[in-house]
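Participant: Before I ask anything, here is the structure I am working with.
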Amino acid sequence: NERAKMVLYTANSFKSFVRSEIEWLRKQHPESIVVTSERNRDKETYSNTICSKDFYSTKEKVRHLLQYLPELIGILFNDLFSKGTSIAYFIRVRNHFSLLLKCSMVCEELFQNNPGLNDSISYTFFANDYAFSLALAVKRGHTRAYSTRVHGRDVIEEREPNTRKLPFQAVKYSYAKHVYCVSRATQQYVTDKYPEFASKINVAYLGSEDH
């Protein structure tokens, strides 16, 4: 869709490789949008940047829970009782629910306050919180699809020192249209871990012309 804007969801900071990705995208798509955290010190570096909130008031959280609590509980239970859940992961249920709530609120904030995102082509540079928020956006019909790049720390679950599991990974892959791995080793890892999503997991090296 030539009319659709490209939207790059980044991280809480613009490190050199993230800057390179933004600058490459801007050359190819001058009207593209960058999404980052409001706490990013460099958030004003690029024009056409949207900032998402990192903190919400108790009142905002209660209002959100009144609307989405059944859905969130279902997502949480599916994750807790999925493969790879350890006792250490299970006892951190409050942390997981806090992450789930935040990403759900970011999802609604972004798509309610920025209607132009609904018909955009969404891409996350990491399989991070933005990837989870976009998965929720696809699930709720706010946008048709999103794609994500995956590196190492954002997907290799054994690198999580205490739980050896990253929360809500299956949800991210389930609603992603494409998962672009930076290496064949990463592709093999994700495919072995989540074989049900193998058809959408591909390799796209950093610095290549297409990604």
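Participant: Tell me, please, whether a residue that is under 20 Å from the mean Cα position of the chain (by Cα) and over 29 Å from Glu157 (Cα atoms) can be found in the stretch 64-81.
Facilitator: Yes - at least one qualifying residue is present in the stretch 64-81.
Participant: For the stretch 81-104, give me each residue that is assigned to a helix (DSSP H, G or I) and open to solvent by 10 Å² or more (accessible area, probe 1.4 Å).
Facilitator: Ile87, Ala88, Phe90, Val93, Arg94, Asn95, His96, Phe97, Ser98, Leu99, Leu101, Lys102
Participant: Same structure again: Identify, please: which residue in the stretch 147-183 is assigned to a helix (DSSP H, G or I) and at pLDDT below 95 and is, among those, nearest to Asp119 (Cα to Cα)?
Facilitator: Glu157
Participant: Among the residues of the stretch 184-206, how many are touching a Ser or Thr at 6+ places or on another chain (Cβ under 8 Å) and not in a helix (DSSP H, G or I)?
Facilitator: Summing the residues that are touching a Ser or Thr at 6+ places or on another chain (Cβ under 8 Å) and not in a helix (DSSP H, G or I) in the stretch 184-206 gives 3.
Participant: Further question: Just need a number here: residues in the stretch 51-105 that are free of Cβ contacts under 8 Å to residues at least 12 places away in the same chain and among the hydroxyl-bearing types (Ser, Thr, Tyr).
Facilitator: Result for the stretch 51-105: 3.
Participant: Given the structure, is Ala127 assigned to a helix (DSSP H, G or I), within 30 Å of Gln67 (Cα to Cα), of a type in the set (A, V, I, L, M) and open to solvent by less than 50 Å² (accessible area, probe 1.4 Å)?
Facilitator: no
Participant: Continuing with this model, one more query. Using the structure shown, decide if Val62 is of a type outside the set (D, E, K, R) and surrounded by 15 or more Cβ atoms within 10 Å (Cβ to Cβ).
Facilitator: So Val62 does not fit the description; no.
Participant: Right, here's the next one. Which condition does Phe111 not pass, out of (1) surrounded by fewer than 20 Cβ atoms within 10 Å (Cβ to Cβ); (2) assigned to a helix (DSSP H, G or I), if it passes all the others?
Facilitator: (1)
Participant: Given the structure, is Leu100 of a type outside the set (Gly, Ala, Ser) and touching a Leu at 6+ places or on another chain (Cβ under 6 Å)?
Facilitator: Yes: the conditions hold for Leu100.
Participant: When the residues of the stretch 19-44 are filtered to those that are out of contact with any helix residue (DSSP H, G or I) (no Cβ under 8 Å at 6 or more places or on another chain) and of a type in the set (S, T, N, Q), which remaining residue is farthest from Val7 (Cα to Cα)?
Facilitator: Across the stretch 19-44, the extreme among qualifying residues is Asn40.
Participant: Among what's in the stretch 183-203 and is hydrophobic (A, V, I, L, M, F, W, C) and surrounded by fewer than 19 Cβ atoms within 10 Å (Cβ to Cβ), pick the residue that is farthest from Phe132 (Cα to Cα).
Facilitator: Per the stated criteria, the residue is Ala185.
Participant: When the residues of the stretch 5-56 are narrowed to those that are of a type in the set (Phe, Trp, Tyr) and touching a strand residue (DSSP E or B) at 6+ places or on another chain (Cβ under 6 Å), which ends up nearest to Tyr205 (Cα to Cα)?
Facilitator: Tyr9
Participant: Now a separate question. Scan the stretch 145-162 for residues that are surrounded by fewer than 20 Cβ atoms within 10 Å (Cβ to Cβ) and touching a residue at least 12 places away in the same chain (Cβ under 8 Å) and jot them down.
Facilitator: Once the filter is applied, which keeps residues that are surrounded by fewer than 20 Cβ atoms within 10 Å (Cβ to Cβ) and touching a residue at least 12 places away in the same chain (Cβ under 8 Å), the stretch 145-162 yields Ala145, Ser147, His151, Gly152, Ile156, Glu157, Asn162.
The values are calculated or read from the model by the stated rules, or taken from the named source; none is laboratory data. These figures come from a predicted structure and were not determined experimentally. Positions of Cβ are generated from backbone atoms using ideal geometry, with glycine treated the same way; all protein chains shown enter the neighbour counts. Ligands, DNA and RNA are excluded from the accessible area calculation, which covers all protein heavy atoms including side chains. Shrake-Rupley method; radii C 1.70, N 1.55, O 1.52, S 1.80 Å.
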